[in-house]
Each structure stands twice: as C-alpha cells, then as structure tokens.
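Each remark here refers to the structure printed beneath this line.
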Amino acid sequence: MNSIFSGTRLRDMIRSIRACKTAAEERGVVRKECADIRASINENDPHDRHRNLAKLMFIHMLGYPTHFGQMECLKLIASPGFPEKRIGYLGLMLLLDERQEVLMLVTNSLKQDLNHTNQYVVGLALCALGNICSAEMARDLAPEVERLIQFRDPNIRKKAALCSTRIVRKVPDLAENFINAASSLLKEKHHGVLITGVQLCYELCTINDEALEYFRKKCTEGLIKTLRDITNSAYQPEYDVAGITDPFLHIRLLKLLRVLGHGDADASDLMTDILAQVATKTESNKNAGNAVLYECVETIMAIEDTSSLRVLAINILGRFLSNRDNNIRYVALNMLMKAIAFDDQAVQRHRVTILECVKDPDASIRKRALELVSLLVNENNVKQLTKELIDYLEISDEDFKEDLSAKICSIVEKFSPEKIWYIDQMLKVLSEAGKLVKDDVWHALIVVISNASELHGYTVRALYKAVLTYSEQETLVRVAIWCIGEYGDLLVNNVGMLGIEDPITVTESDAVDVVEDAITRHNSDMTTKAMALVALLKLSSRFPSISERIKDIIVKQKGSLLLEMQQRAIEFNSIVDRHKNIRSSLVERMPVLDEATFNVRRAGSLPASVSTMAKPSVSIPNGVAAAPLVDLLDLGSDDIMAAPSSSGADFLQDLLGVDLGSSSAQSGASPGPKAGADLLMDILSIGTPSPAQNNTSSVDLLSTAGINNNPSNALDTLSSPAPPHIATSASAGGMFDLLDGLSPSPSKEATNGPAYPPIVAYESSTLKIEFTFSKPSGNPQETNVQATFINLSPDTFTDFIFQAAVPKFLQLHLDPASSNTLPASGNITQNLRVTNSQHGKKSLVMRMRIGYKLNGKDVLEEGQINNFPRGL
Amino acid sequence: QIHFVLLVSRQGKVRLTKWYSPYTQKERSKVIRELSGVILNRGPKLCNFVEWRGYKVVYKRYASLYFCMCIDAEDNELEVLEIIHHYVEILDRYFGSVCELDLIFNFHKAYYILDELLIAGEIQESSKKTVARIISAQDQMVEAAKEEAGSISYIIAQAS
C-alpha cells in the first residue's frame, strides 16, 4: 500500500545504503533519507509513519542520530491498529531509553493498551514496559501488571511476570504487592509461565526478606517436586535440548532453591536428595547439561553444609577443569575460586592444572587462572608457585606481562618468607617486566632494600649485574641507580659478601658508566634521568678519585631541555664546586626509610599531608627520626638530615626528584609539604630561611594546644593545607611530637582515615547547598557526598531538581533526592557518589544546575564547585 | 540478567542491538565499538566469554554473524550460550535456514522474535514452537490489517 505514497520503500533504502562503497557515500544517502523522513513527519500523514519509523530504526542501528523520530513512536503507539502499535512499540524500545522524558508521555497509552481487548496488544505493552520502564512508570502501572499475572492466556501471564521483575528491580518497595501473585505462578504447568514465575520469585527473594521467608516456608517443597518431575520426565521434543528437558527451567529452579537454602539448614536438608540426583544423573557431554551441572554446583556450594554434596560438587569441578572445551574450563576456574572458601585442600590438589591454565593461549582463561592462583598461594607453596609464574613471565605474551607481573609482585610482597628472597624475586620481575611495573611496586622495593642493611652490598651487586643485561627495563634501571648512588662504595669494594655470591670486579668508573648510561640514553624518561643525577651527586662524594668525571656529566646536563634537569644540574654543580665542606654530609647515605609509614601511605588511605603528621609518632620508637626533628625546627641549619622528618615515601620523592611536579616554580602550589625539598632549596640558595616561616611555625607552636582541643580544626589543617601553610604543616607535625612525645592523638586520627570537612557548595539569596563527605572503606577513588539543600526563602520550592556535571576523569552517580518539594526554611538531601579515576592527582570539581518552581515561576540557578577538600 | 544483546557482522556492522539496562545513546555506540573490537579479534577455538568492565560478554559466531549477550559476572555463562542458540534456532525456523541478509532486510522481524524470547533481560519461553506460534499469530494480524486497508483505499481510489 505504501507504494502509492512518496519516498522510497524500506527495502530500497536498505539496498541503496548497502550499495554504498565509502562511508561518505553512505552518509549522503542517510542524510537524504533523513531529510525525506523529516519532511514526511512534518506533513503528518499517518500512512507514512509506519514506514518512516522502520527506516529510522535501520538508520539508528547504523549509528546516526534519530531523535527527531521519537514522537512518531508515540503517535504510532496511540493509533488503533495492531501493525502501527507493533512497530511503534519496537521503535520506542530501540530509539528511547528510560532516562528520556519523552518516555513519560507514553504512560497513558501503555495503561490503555494493558487493558486492551486484544491480548497481543496487551503483550506488546507488557513487553515494552518490561524492557524500558522507569521507576515512575513502574509505580504508575504496577497495579495493571499485577492484575495481568492472573490473566487467562499463558502468553500474557509470562510477560506480566517478567514485567513485574523489572518493576520490583526499579521500585523494590513494590515487592510485597507481588508475593501472592508470584507464588500462584509456581503451580503452573506451562513452561513459559513457570520459568518466568520462578524468575519473579527469585527476584522478590533477593530484594525482600519477607518474601524470602514466605517462599521458603510455602514453596520449597513444591519447587523440589517440580524440579524432580522435569529431571525425571520422559523425552519431550518441545523442551528437549541435547537430552535435557528444558535446561532453562532446570537452571531457574536451581537458582531459586539456592536462595531458599542459603542460611537455612532445614530448607537445605529438604533439597539434598534432588541436588544429588541432578549432580550425578545429568549428562555432561553437551553444553546444555554442563550448564545445568554448573548451576547445580553453585547451589550446592551456597546452601548450608551438606559435606557429601560438596564432595560431589568439587568432583564435578575437577572434571570440568580437565575438560578439553575451553568454555567448561573457564567456568571451572571461576567456580573453584568460590570453592576455596570451604575446601582449600581440594582446590590445592588441582594446583598443577590451574598453573597450566595460566599459560593458556586464551586471555579469558589466563586471567581467571591467575586470579585463582593468587588465592591458592600460602606460606608453604609461595616459593614454588612464584618460581613457576616467574619462569612463565619470561616467555609470556607481551600484553599479559603487565597483569602477570603485578600479580607476582603482590604475591611476593604478601607471602615473602625472608627479605633476600623478596629482593631476588623482585629483581627477576623487574628484569623481565620492569617497563610494566607500577610505581608503588618499585618504591616498595627501595623501602625494603633500605631496611635490609645486611643485604645492601648483595643487592647493589645483583642490581648492577642485572642492569647490564636488561637496561631497557625502566624501573629496574631506577632501582639500580638509586642503589648505586646510595651504596656505590659497597659495590666496588665487594663489601658484605654473602656465601652464595661470586665476587665481581667493578671499578668506580664502571659504576658511573651505568648511571651515565641512564642519563644519556634518549628513551630514559625524566624520572630516571633525575634519579641518575642525584645518584651522580652522591657518587661524587663516594668516589673522590673520579669526581672530576662525574662533575663533567653533571655539567653537561646544564644544557638539558628539561627544566627540572637543568635546574638540578646547576644546583648540584654548585654543591660539587663551591660547597665541598658540606658536600659529604649533604650526600650521606639515606637514613632507613620507614616501612610502616610507607605501607600506610601506599594503602592509599592517607593523603600526603596527613602522613607527615602521623609519621613521627610511628617512627619515634625506633629513635631514628627524633633527633632530626630538632633540625627541622632550626630551619637555618645546613644539615640535610632534617629531611627524614618527611615520611619515607615523601623523602624518596623529594630527594630523588621523583615527584617532578615539585620543581621550584610549582612547589608553592603543590599540595604535599616538601620539607626535604624546601630545605634543600634553602641550602642551595644559601638563603636564610624566610622570617615568615619562622613566624608561622612559632604561631603553630603557640596554637598547638588549641588544635589539640579542636579536632575538626586540626583536621582542617590536616586535610587541606592551603598553599601558605605548606612549610608550616610539616614543622607543625614536628612540634606535635616534640611536645606530646608519644601522644596517641595524631596517630589515632591517622588510622581512622582522613575525615573531610563539609563545605558550602553553593549559596544564593534563596538557596544554600552543603556537602558532607565520607569515604567508603576499600576504594580510595570513591567518595560519598551527601548534599543538603536548604531553602532560605520564605516560600516553598516545588519541582526541585538538582543536576550535576563532572569532567571525564570523574564518574558521578546521583541517587534520587529525598523529595522534590523544599518547604520554606526546610531542607532535603540527596546522595552523590563520585569516583575519581585520578585520585591523588586531581581534585574534584563539579558544575551544577538547580531548577525549581517558586510561586509558580521557574527558577534556574547554576554554579561551579571548586572548593572540594583536597585528596578526595 | 542480560544487560544487552548485540548482533555484529564479521565486518563490524551492527545488525541488532537490544538494551535492557539504561545506556545513553553515546554509551551505546561506545560499548558497541569497544566490544566488537575485542570480540572480532578473538581467535577461533578460544572460549566464548570475554570479561569486560566487570561484566561478562558471552558471544557465539554463526556463519558471518556474532551473537553477543552481556551478563553479570556471577551469571551462568553456559546457559547464555544455550539462550543464544535457542534464539538462532527460532530465527532459523522462521526464515527457513536464516542468513545475514534475512536479518538485514527483515531486521524488525528479528526484533519481534527476540521480544518473544526475552523480556527485562530474562528468558521468557523455552519452547521454540510456542514462540513461533505467537509470532505467526501476530504476523497474521498485520497481514489482515494490510488487506483491509488495501481494500478500503482501493474503494476510496475507485470512488474518487
């Protein structure tokens, strides 16, 4: 019929699009078609709608914008004929999603169609509702759907059941309304209705405890009987899949039994027999049977202990693991991770096979196997497993090395029986995959080396040998350079030889060669070069005989294009040239880095500024850090030993120039207090410390008591040191400890994790928004923000809506607000969840828009929030 | 729960997309691009599962078409393979040994069939026969309406 009207037919459009040879040509055809469709829409001829929408759907699938067709869907849905409604609902589901407001307009049509006399129209409406309804629509239409669960035709009953699943997912409060209707479906014989009914019950049980109790009491036995019936049923061609009668129903029943049995010994007892039967009788040579077995194993592992069943389950997994089908092996690895929880020994027996899976050509299997192996590691097998993994690291695919090396590092760190073993393994990893290792891993290695004084000589020699072979592994080079800088004298003199070592001959000039190599190699990155420069400075004092050569290398860097390098080269040269008297004390070996602090810092639970406060209380017991604190107060002192008052990691970063953000120009603005670097700069510029710093520190000294009495104030300074406080917050930390000795207060604050002060995010004459913050444990990137909106006006706001936008590195999730009506001088709250992928590097920032009606008039307010506390 | 269904040809052309969880149009095209990149590049004989953004994507290739379904990490991957196969078998019966071209020119039919198989990302019907019956009943209603409209417009055309 369409042929008598203008425009091409759907089939012709598809043909002409397929005939296009280039993307540009295709765009041209689509553009023309879209123009025709728009024109046709404007003419508003009902005869073309059907075809227009079909074309738009095709165009939509190709990825072109089709929003202008959205209203056509609604018109088609509202028309009386079935063909129009059918395509209209299809378009609705394809072109719209639940977040579009246009969708609300369809609620009324849906309501009418749910009450339509033709059951297929009712089916269309149920399907659309089940696939894209929003929470509001769910609320509005729930009574209709609930009624349809009892409809005479099974086709409608099953659709209504799944539609209800969506409704209770969207609005869990509605769950109890569906309990009765859902339980009536469990008695059905029609498979479709039974499957969807079981699914609905499962959904209700997971969201509503009452429902769980109800179904457990009333339905467990019935479900077991149903499962037994289909398990034992004779061949039914309609439902048979590879010898299993309706695997889909099997799986859903097993899933529901799982939640009913979980945490309830009586219900678990009832289902033991049938589970044993399914586990032993199900054919396992086809995928359908394995899918059922897999579900059965999962149920056995989740219900209350019936150890004989678990033996069965573990055996099935063992069979799966040795299956030649990759899919089966994959799910076996997956399930064994859960099985570890109750039978570690049984899983350990498969260790060899699992290790083989780590080397599988299939990335999905490798990944699962690696996860599983890392759960299998314990003190007894760590050496053997690590050896296997490291051996494989040497030959594994490049793209797998990153995951693999990260896992090895974490295993080695967690279970290392002794330091020398740890150092050996880390050197192997860095040699094989040093390019791919994350910063915190090699930082940790340096901290451990620093603490193992009896191994300094051994380590520096091992590193020297490794770096000659693997000079392209960036982080290996860094650690080697650091150690050569610190322990160069031990390297050349073979000090502290262990029995297992072969003596090597390294001249001073050989050692400098390695460092020079790193600084001149063009693909070394800035961090490595900067570290090399510091190492050279240190060696200039350790190796007086070749200090001229070292000086030459430093001088060359004065011409570096990198500002940081240039500046350091000039500074270091001046130390070598003009300040020989202080040089040797300046480049003394680094004091032992504080492991405890580093680990706390690394865990990411503390922002930089807090750890400076917390650290002295940790390290005072070992008596190393206490003395230098005096120097910190004496800012004029030329003694670089003051630096240890900065925490271990800071120390590393500052002295090594690892944190390149802290070039002098930026140091004023950078958030972390750089006691070490500041001092160094003071020394280098030979400037007397600025009076301002002295003043502020004495102010802090005086106000220390006040800070102690007012924790929120103290936290303020802790968590958000404004730039002017940078120098003081470090020294204030020192003060604390000098004054309080072992006072527990700062460390307590530190272990509780940081708290963040609330902020006023926005304020206008009528509206004030306050944010309070909390961090969920476990994920430092995530912040929960509770926004409180306060109405400052004498009138009520209605239709209140808060919208927010964040830059790409942030992810924002908005919960619904507690209300959309804001009474005079009242308030409402809304929770936001922000995930900061650049946590520690960038602060939060947010733009927002608030809309509401005040005395019937729309009001729009906008603003940007820049005053988030640092470190979120 | 199935979050979305995706049919992609070996050349990376999208043949069908169905979203059961909210994704904006922008996210949808990103998801399609990302996943077809990963899946089309996987070699043969590897397992049919890809871990992706904390979810799992189960895919299976039939001739030139990849059928993909995205599920939660704890869902039963093997069952989803059966669901995919179930869908393919129904398509096959409906079109009579289905090929990619059938699904291109009759893409709406492929959607209608999928809607009789899945709602809210859950399976609705395990009997291929039942699905076929319901689809053909609806097709007949469309045909009947067409004939009726044809005859009315014919009469109107004659009269004027």
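Just checking, does the range A:232-246 include any residue being more than 10 Å from every other protein chain (Cβ to nearest Cβ), part of a helix (DSSP H, G or I) and among the small types (Gly, Ala, Ser)? The answer is no, given that none of the residues of the range A:232-246 is more than 10 Å from every other protein chain (Cβ to nearest Cβ), part of a helix (DSSP H, G or I) and among the small types (Gly, Ala, Ser).
Okay, residues lined up against (1) in contact with a Leu (Cβ under 8 Å, 6 or more places away or on another chain); (2) under 21 Å from residue A:468 (Cα atoms):
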| residue | (1), (2) |
| --- | --- |
| A:488 | yes, yes |
| A:495 | no, yes |
| A:540 | no, no |
| A:551 | no, no |
| A:561 | no, no |
| A:569 | yes, no |
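When residues of the range A:489-537 are filtered for being buried (at least 24 other Cβ atoms within 10 Å of the Cβ) and within 18 Å of residue A:455 (Cα to Cα), how many remain? Looking only at that region, the number is 1.
Checked against the criterion of being surrounded by fewer than 14 Cβ atoms within 10 Å (Cβ to Cβ) and either aliphatic (A, V, I, L, M) or more than 20 Å from residue B:83 (Cβ to Cβ) (or both), the candidates A:311, A:241 yield just one match: A:311.
Look at (1) basic (Lys, Arg); (2) outside any helix (DSSP H, G or I); (3) modelled with pLDDT under 90 and you find that residue B:26 fails only one, number (2). Where strands (runs of 3 or more DSSP E) fall wholly inside the range A:799-872, the ranges with 1 or more residues that are crowded, with 16+ Cβ neighbours inside 10 Å and over 24 Å from the mean Cα position of the chain (by Cα) are A:827-836, A:846-854, A:857-865. Restricting A:17, A:41 to residues that are over 42 Å from the mean Cα position of the chain (by Cα) and β-branched (Val, Ile, Thr) narrows the list to A:41. Can we say residue A:160 is assigned to a helix (DSSP H, G or I) and more than 10 Å from chain B (Cβ to nearest Cβ)? Answer is no for this residue. For the range A:171-196, a residue qualifies if it is part of a helix (DSSP H, G or I), facing chain B (nearest Cβ under 10 Å) and surrounded by fewer than 24 Cβ atoms within 10 Å (Cβ to Cβ), and exactly one does: A:191. Looking only at residues of the range B:14-31 that are within 8 Å of another protein chain (Cβ to nearest Cβ), more than 21 Å from residue B:120 (Cβ to Cβ) and out of contact with any Asp or Glu (no Cβ under 8 Å at 6 or more places or on another chain), we find that the one that is surrounded by the fewest Cβ atoms within 10 Å (Cβ to Cβ) is B:29. The combined condition, being small (Gly, Ala, Ser) and over 21 Å from residue A:523 (Cβ atoms), is not fulfilled by residue A:433.
Output the qualifying pairs, or none if there are none: Cβ atoms under 7 angstrom, residues six or more apart or on different chains, first residue in the range A:398-427 and free of Cβ contacts under 8 Å to residues at least 24 places away in the same chain, second residue hydroxyl-bearing (Ser, Thr, Tyr). Correct list of pairs: A:408/A:386.
Consider the range A:416-465 and keep the residues that are of a type in the set (Gly, Ala, Ser) and not in a helix (DSSP H, G or I). The one that is surrounded by the most Cβ atoms within 10 Å (Cβ to Cβ) is A:416. Within the range B:131-160, restricting attention to residues that are touching a helix residue (DSSP H, G or I) at 6+ places or on another chain (Cβ under 6 Å) and at the interface with chain A (Cβ under 7 Å from one of its Cβ atoms), the residue that is surrounded by the fewest Cβ atoms within 10 Å (Cβ to Cβ) is B:145. Tallying residues that are of a type in the set (D, E, K, R) and within 14 Å of chain B (Cβ to nearest Cβ) within the range A:247-295 yields 6. Taking the range A:78-156 as the region of interest, the helices (runs of 4 or more DSSP H) fully inside it that hold 3 or more residues being away from chain B (no Cβ under 14 Å) and either in contact with a Lys or Arg (Cβ under 6 Å, 6 or more places away or on another chain) or within 19 Å of residue A:178 (Cα to Cα) (or both) are A:135-148. Looking only at the range A:496-503, decide whether some residue is out of contact with any Phe, Trp or Tyr (no Cβ under 9 Å at 6 or more places or on another chain) and either at pLDDT 85 or above or of a type in the set (Val, Ile, Thr) (or both). Within the range A:496-503 (the criterion being out of contact with any Phe, Trp or Tyr (no Cβ under 9 Å at 6 or more places or on another chain) and either at pLDDT 85 or above or of a type in the set (Val, Ile, Thr) (or both)), the answer is no, since none of the residues qualifies. Is the range A:203-218 home to any residue that is within 14 Å of another protein chain (Cβ to nearest Cβ), crowded, with 18+ Cβ neighbours inside 10 Å and touching a residue at least 12 places away in the same chain (Cβ under 8 Å)? Yes, the range A:203-218 contains a residue that is within 14 Å of another protein chain (Cβ to nearest Cβ), crowded, with 18+ Cβ neighbours inside 10 Å and touching a residue at least 12 places away in the same chain (Cβ under 8 Å). If the condition is being within 14 Å of another protein chain (Cβ to nearest Cβ) and not in a helix (DSSP H, G or I), then the range A:319-358 contributes A:323, A:324, A:325. Elements of the type strands (runs of 3 or more DSSP E) sitting completely within the range B:44-114 and holding at least 2 residues that are within 8 Å of another protein chain (Cβ to nearest Cβ): these cover B:49-52. Within the range B:145-157, does at least one residue satisfy the condition of being among the aliphatic types (A, V, I, L, M) and closer than 28 Å to residue A:291 by Cα? Checked the range B:145-157: no residue is among the aliphatic types (A, V, I, L, M) and closer than 28 Å to residue A:291 by Cα.
In the range A:518-532, the condition of being within 13 Å of residue A:457 (Cα to Cα), β-branched (Val, Ile, Thr), touching a residue at least 40 places away in the same chain (Cβ under 8 Å) and in contact with a helix residue (DSSP H, G or I) (Cβ under 6 Å, 6 or more places away or on another chain) is met by no residue.
With the condition kept exactly as written, say whether any residue in the range B:102-121 is over 19 Å from residue A:94 (Cα atoms), of a type in the set (A, V, I, L, M), out of contact with any strand residue (DSSP E or B) (no Cβ under 6 Å at 6 or more places or on another chain) and at pLDDT below 95. The answer is no; no qualifying residue exists. Pairing each residue of the range A:371-385 that is on the phi < 0 side of the Ramachandran plot with any residue that is among the charged types (D, E, K, R), provided the two are 6+ apart or on different chains, yields C-beta distances under 7 Å for A:374/A:407; A:376/A:351.
Mind listing whichever residues of the range A:38-73 are within 18 Å of residue B:25 (Cβ to Cβ), touching a helix residue (DSSP H, G or I) at 6+ places or on another chain (Cβ under 6 Å) and more than 14 Å from chain B (Cβ to nearest Cβ)? Hit for the range A:38-73 is A:72, nothing else.
Condition test on residue A:230, is it more than 29 Å from residue A:290 (Cα to Cα), without any contact (Cβ under 8 Å) to a residue 40 or more places away in the chain and surrounded by fewer than 24 Cβ atoms within 10 Å (Cβ to Cβ)?
No.
I need the full set of residues from the range A:507-532 which are of a type outside the set (Ser, Thr, Tyr) and within 36 Å of the chain's Cα centre (by Cα), in order please.
Once the filter is applied, which keeps residues that are of a type outside the set (Ser, Thr, Tyr) and within 36 Å of the chain's Cα centre (by Cα), the range A:507-532 yields A:518, A:519, A:521, A:522, A:523, A:525, A:526, A:529, A:530, A:531, A:532.
Going through the range A:263-304 one residue at a time, which ones are acidic (Asp, Glu) and either free of Cβ contacts under 8 Å to residues at least 40 places away in the same chain or assigned to a helix (DSSP H, G or I) (or both)? Hits for the range A:263-304 are A:266, A:269, A:273, A:295, A:298.
The values are calculated or read from the model by the stated rules, or taken from the named source; none is laboratory data. The structure displayed is predicted, hence computed values, not measured ones. Glycine gets a Cβ as well: all are built from the backbone with ideal geometry, and neighbour counts include every protein chain shown.
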